[in-house]
Structures are given as C-alpha cells and as structure tokens.
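Just below is one structure, and these are the notes that go with it.
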C-alpha cells in the first residue's frame, strides 16, 4: 500500500522531515508495511537552497496545489505562525485529508475549533512534534498511559531558556551574556522574546495538559513568568541552598481542579530533572499507578522534530492500511475540570529582599508573612554592608497571599528595591 | 463495543492489573471507546487474599478455563517462569486469542517461536510490561521511532541492583549491607541471584535490542557480569575520578554489527543517567535523527507494571474496535545484523591492581598494556603501605585484549590478588 504525503512549509523542520522520509524510506516500508511517498511540497520561497534535494516530490509556491491534489492523504503543516498555517490545516481537513503539525502556537490559539473540524471530517490531527520536539510524550500520555490518571506535569519545554539558565548556573554568567551565547550557537532566535518570556513553554504546557487531563484548560488562568528578570545573584543563592533554577511548565490536577503555570522554579539540585541541561527538554509526569516518570530529549531542531512528525505520519498511514475508522477520539473532552485562577495556585516560594540595617526588621517582615498565612521553612541573612540581602524559603502558600506580602514588604521604608519572588518545587525523582 | 479479558496469574502484578482495570474502568471506556471487561481470572492458589476484590470476574484454579472461554479476546499472562507460562501463551494463541505478557524470561527463552506462532495466528503478543516496568519504552521504539534507527541503548534495567549500587555510592555501605537493606525494603527478593548476577537485565536488554534493531541477537554472544563482586573500594575510587558505578545493559549497532552486554559500568557523575537512583529504571537511546533521549520510571512493582500491561490491552482492544487486521508485523525481522562475540566488544576500562613496592613496576605494567594495544588515559597511584593500589583508566580497547592484559598482570610476581576490570562509558546526556 502507498500513502501520499504533502508537505507545506519547507523550512528547517521541513528539511528534516524530507531528509528522514527520503533517507529511511526502505526502513519505513519494511517496518510499517506502508510505502510513504512524499509527492508534493509547497513553500512561499521554493528557490532557496536547503541542503536537501527532493528526490521525487513536486515543489511549488502555492500550498493549494497540495490541498487540491486528490491523491494526497496526509498534509504536513510546518508553516509556523497562526494565519497561513490555519488556512493550511483547515483547508486540508476540508479536503478530507489527515493533518500532522508541529505548530504549538496554532493549536494553542485555534486547536479547539480545528479538533472539532477534524472530528466532523473523521480525520486526524496529530501533533507530537509540537511539544518537546522529538520526545514522544504525547503518545506516551495518550496511549501508554491511557489507563492511568496523570496528576502532575513538570516540563522543561524550551531549549533556549534551559540553555541560558544552564550557563548562568554552571559558568556564573549574567543573563545577557548567556543569551548572547545562545544566539551565537543557534539556540536562540534573533528575536527570542517568545522563548524568554515563557510564551512558547506556555503553548506547550497547554497542549500537554489538554492531553493529560482530557480537557482544555482556561488560557487566561495560566500563570506565566519568563526568565528575563532572573538575576545571577538568585541563581547563586539558590545553588547555596541546594537548588537549581529551571524554567518549568507545571500542570497539576488537585482536588478535581487544574492549575497551570510557567515560571522560573527552584528544584533540588540532586533530582533527575535538574540534570537536564543546555538545550535539552524534559517532561516529568506523576500519575496514579505509574508514579513518577521522566522523558528527556532534544526539544527542537530539524532532525529530532522530524522523528516526531514522521511517527505521526506512520501512525495515520498504518491506520489507513488497516482500514481504521478514524474518529479523532483523542480530542474528546472526557473530563471537565475547572482551571484555578492564577492567584489561587499553591506553591513553596523563594523570597529575596534587600534592607537597610535597623532593629526589628525581621520581626516586621515575618509578621507580614505570618499575617498572610505564610510559614517560613528557612531564612538566611548574611553579614555585610547595606543593603543586606535576606533570603526566605517558605512552606506552601497561596500565590495571591505571597504577592500581597511581597507588596507590603516593598512598601516598608527600610526595604530597598522589589522583593524577588520565585517558586520552589520539591521533586523526588 | 466490549472486549473480554482473561488473566492468568493473580500474584503481585496481577493484583495491580485487576486494581487498574476495576478502578479506572470508566476512564478507559471514555478514552478508548471500548468497554474492557475482566471476565475470568485463574491462579493456582485462588483462595489467597490479595488486597483486591474481583468485582465481576470469575476466579478459578485452572488456566484452561480462561483459554477455553470463547468469549475471551485477550489473555494476560502473569504467571512468570517459562514452563506453565509457555503453556498459557501458546495455548492462548492456539485458541486465537491475543496475548499480553510481562514475562521477560519467557520471551528471552522462547520468544522467537511464540512470535512465529502469533504471526501464523494473526494475533498479537504485546510485552511492554516486561522491560523496565511502567516505562513505555517498547512503544516509544516500535512506534514513535518507527522512522529512526536506534544505534545505542544504555539501560538501568534492574531496580534491585540499582538500589544496592546507590546505597554503596551514597552511604558508602559495602555490597552485603546494601543487599540486606534492599531485602528489608522489598527491593530484593529472598533469592536475588538473577537480579544480582545480571540475568534479569540481560533478558530485558535482549528484548530492547530485538525491538530496536529489528532482529534477534545471538544470546550466547551477550557479555554478562553482575555486581556481586563489586567492592566498595572501587565505587569510591570511581567517585574520586568523577564517575558513578551503575549496572548497565548496553546494546550498540556499529558497522552493521550488534554488541550486547550487561556489566557494572563507570559513567560520568554529571550525566542524567547517573541521576537515576535507588529502585528506578532508565533507558537511554541514541538514534540517527532524534539523537540522545532518556526515559526514567519505576521498573517494577504492581501498579507501574499494570499501566504497561493495560496499555497493551487497550491497544489491542482499539484495534479490534477499528477492525484492524492483526498481522503481528512488529515481530518481523527486518534486518539481519550479526552479533559480535563478547571478546570483540570495544570499550573503555577501569583497572585496579595491587602491587608490592619495587622499582620498574609501572614500566612493566604499562608495557603489558601497550603490547595489547591498550592506551592509558589516566593513572593514579597513591602513597601508602603495601599493597599499593594502582588505578588505570584506558582509552577504547578490545575486551579480549584487556582480559589478556589483566591475566598477564595477575601473573607478575609483584602483583597481589586479581586485577579488577570494570567498563567505562562516556555518556553525553
């Protein structure tokens, strides 16, 4: 049997998919029993050199040539963005084709309507490549853990920020130097805003949570902080306390409610997640029966992401071979959990404040914390000149209480600057 | 649609499967669209209390009641061992039923004939639970990486030995104390021989390699060493050199040939694999397109293994729902690589020898190594009383050369005892 694939978007990831399909075609045929033929490729800039030659696919400028070809069974959308990409995906479903995409922004923005469209059309939208690149986490959750209930997700979901934080921790570079190095090595784009401010990780966390919890979280309730204001000082204080700082996407299901957040997080330096360095991504799950599990791999790049995209293509192709009735059941909202407002999130916290020297300072600060029901688990004040840094680790407290306490501390006449508030998670794997 | 499942073997894992199927039945139905009904359970000791009640399945002593029931679609074999378990699996295929098993010993010993049987019968044998418990590594390789070529597997495949080595490294306990503690905590069986000597890890490595490389390795060529003779001294020397000792299963595909080995291995203390501690298992893969990837989770225990078993059940059940033609294509030997004889394996090595004090010792030893084409990358000799320990790290060398060199060193009149030979692997994730 032969399945025809059309590719829209012949950029970095697209080149990886073309390489993989062409180089490993005999292996794919032997393993899956299906001949997967890339027959059409479309890109707005067809003439650019990409370091890979199309062996048999026709290359055109207009994606409609892919959608209009009745022989094409599966459309791979690698355009990026949410405008043209939407047209491609919606158009492919309209033309009764299956879709494979690595576009997290599109699925974050318009996934709900596209899934509904896919269900009506009885076609699949697969998106393994859109979360954590080559790490097969969507399949692991949707299939391997089909019988289990995931309750916690910790994700290092953005390679750019993980690279920067690793350099800050290991080389003691300030943020700007680490960012410059990431750009130099190709781990950060010219405009890295969406990586640095946590938006990219937020998109991926949303997709992970929707698969894990069988429902779409409320986007507005997702707490998001980036790493742009992480100071080297806090990275070093964290290290002294036995923690490393990682940008984590965290989704939890507790008391029948979801909470989702992306923020810099102090995690114990000895845990396996802390050993995930540089541009690598990781997803740690905790579920009822399996307990903790960790998946680590390259979260970006042409070749790793291509394995995820082609894995999706083969799944659909095998389904066609087996005359599977495609029902897009994966997108059924089985559950209907509410999403906690970000102020209701419960976490441990790292607070750093700077004060002038004066009697009664600690009494005043600890009273503010106590009034907000925030218990202290550790406090460090170092000898030295003003301003004196005080670092406090709290027990679990509510986000809004901590924010109120920080504002009250900042309003004191002996504190200087703003209190740094970072989240702390105890991770036991 | 309803799929009927029969379970043979109501022991520890069996109880986990019963709990999972019963507790999460509504979730499973909602997600998969299939009602998975456990209708029969057989165990030679049906009267024992297991902490879980059967809600609707009939319990009997004779497994043939499961095989003879024409309504049962899938037989779950959790008997263990290779004798009765073989009868169950072969009998189930004979009766045209699909099989799910967590029995690595059975598949290691008789997998080839059972797969052949399954192909003829057009039925599935699934075995996710037989390797690394709840870690979904078989599916990841067979499906997510269907398009990629795995070239290296590093596995921490046995929780008992990983627990013991962790205690030796972290608490500086001798082997026997760590083993006693493992037994106390239930991480080692009363007779832990097959765990300690590497046999259990060897079975799992064999299964992993057969999935990764699409062919059955030659069992006799698998190098196997256990941890029974690991001395605390070597664990501590390794630590000084920046390494931790782990029992690894290693499979490599190099120059179109496979090599498989299970042995204590020095790996860099900073790598992610080194952070996998206590009873946890892990599999690190390296493949052409994905690059390095790591999977960590609980490798044993009723509840984690149950997720793998039920994941397999649901895969088959969904296939039945979709009228899939089962062709057991997963067991096709697509490739036909030879397996290197164990003496041909290439590795880096850690050598520790003890000598009397005498001039010219290092010259003699290094000449023996040089004559066997073994290059030294580091050498440490400490001041102190006789016998003087000398630790040598080598560059890559052939197993048989290193063994010959060690024998020649042991035959010198100034060396004492036997040279300790451990393998070293540089792991970059």
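Read-outs: derived from the displayed coordinates by stated rules, not from any lab. Computed from a predicted model, the values in this text were never measured in an experiment. Here Cβ is always computed from backbone atoms with ideal geometry, including for glycine, and neighbour counts include all displayed protein chains.
The convex hull built on the alpha-carbon positions of the range A:41-128 has an orientation-averaged projected area of 5.9 nm². Site pair residue A:53 and residue A:256 shows an inter-label distance of 6.3 nm when each label is modelled 7 Å from Cα along Cα→Cβ. Helix B:361-371 versus the longest principal axis of chain B: what angle, 0 to 90°, nearest 10, using Cα atoms? The angle comes out at about 50 degrees.
Centroid-to-centroid, using Cα positions, the range A:129-205 and the range B:342-386 are 44 Å apart.
Max-minus-min Cα coordinates of the range A:1-88 on each principal axis give 37, 29, 21 Å, with the largest extent listed first.
Chain A's nearest residue to the axis relating it to B, judged by Cβ and reported with the distance in whole Å, is A:275, 2. Per residue, the convex hull spanned by the Cα atoms of the range A:183-342 amounts to 159 cubic angstrom.
Distances from residue B:58 to itself in the other copies, using label points 7 Å out along the Cα-Cβ axis, amount to 6.2 nm in increasing order. With both residues required to sit in the protein assembly as shown, DSSP beta bridges show an antiparallel share near 70%.
Calculated over the range A:161-265, the projected area of the Cα convex hull averaged across directions stands at 7.5 nm². Copy-to-copy label distances for residue A:359, where each label lies 7 Å from Cα along Cα-to-Cβ, are 7.6 nm in order of increasing length.
Ascending distances from the residue A:87 label point to its copies in the other chains, with the point 7 Å along the Cα-to-beta-carbon line: 6.9 nm.
The angle between the Cα long axis of helix A:175-184 and the main principal axis of chain A comes to about 20°, on a 0 to 90 degree scale. In the range B:193-351, the DSSP beta bridges split such that about 85 percent are antiparallel, to the nearest 5.
Computed from the C-beta positions of residue A:22 and residue B:398, the FRET efficiency with R₀ = 35 Å rounds to 0.45. In chain A, the DSSP beta bridges split such that about 65 percent are antiparallel, to the nearest 5.
For the range A:270-312, the convex hull drawn through the C-alpha positions has a volume of 70 cubic angstrom per residue. For the protein assembly as shown, the normalised intensity computed at q = 0.10 Å⁻¹ comes to -1.17 (log10 of I(q)/I(0), Debye sum over alpha carbons, equal scatterers, no solvent). Only residues of the range A:355-387 count here: report those whose backbone N is under 19 Å from the spot 7 Å along Cα→Cβ of residue A:407, or say none. Under cut-off, by backbone N: A:365-374. With 0.36 nm allotted per residue and the present C-alpha distance subtracted, the residue B:269-residue B:61 stretch has 69.9 nm of extension available.
Over all pairs of different C-alpha atoms, the range B:345-424 has a mean inverse distance whose reciprocal, the Kirkwood radius, equals 12.4 Å.
Would you mind checking the tilt of helix B:84-94 against the longest principal axis of the Cα atoms of chain B, expressed as 0 to 90 degrees and rounded to 10? Here the helix axis deviates by roughly 50 degrees. Taking 22 Å as R0, compute the FRET efficiency from the Cβ-Cβ separation of residue B:376 and residue B:228 and round it to 0.05. Rounded to the nearest 0.05, the efficiency is 0.20.
Peptide B:208-216 shows a mean partner chain C-beta count of 0 within 10 Å per residue C-beta. As a proxy for reagent exposure, ranking A:100, A:244, A:66, A:52 by other Cβ atoms within 10 Å from fewest up yields A:52, A:244, A:66, A:100.
Based only on Cα atoms, what Rg/Rh ratio does the range A:300-387 have, Rh being taken as Kirkwood's radius? My calculation of the ratio gives 1.37. Shielding by partners for peptide A:321-327, expressed as the average number of C-beta atoms from other protein chains within 10 Å of each residue's C-beta, is 4. Run the helix sum for chain A: -39,500 (n - 2.57) per DSSP H stretch of 4+ residues, divided by residue count, reported at 222 nm to the nearest 500 deg cm²/dmol. Rounded to the nearest 500, it is -10500 deg cm²/dmol. The orientation-averaged shadow of the Cα convex hull for the range B:80-181, equal to a quarter of the hull surface, comes to 8.9 nm². By the compact-protein rule of thumb, 2.2 N^0.38 Å, the alpha-carbon radius of gyration of chain B corresponds to a ratio of 1.08.
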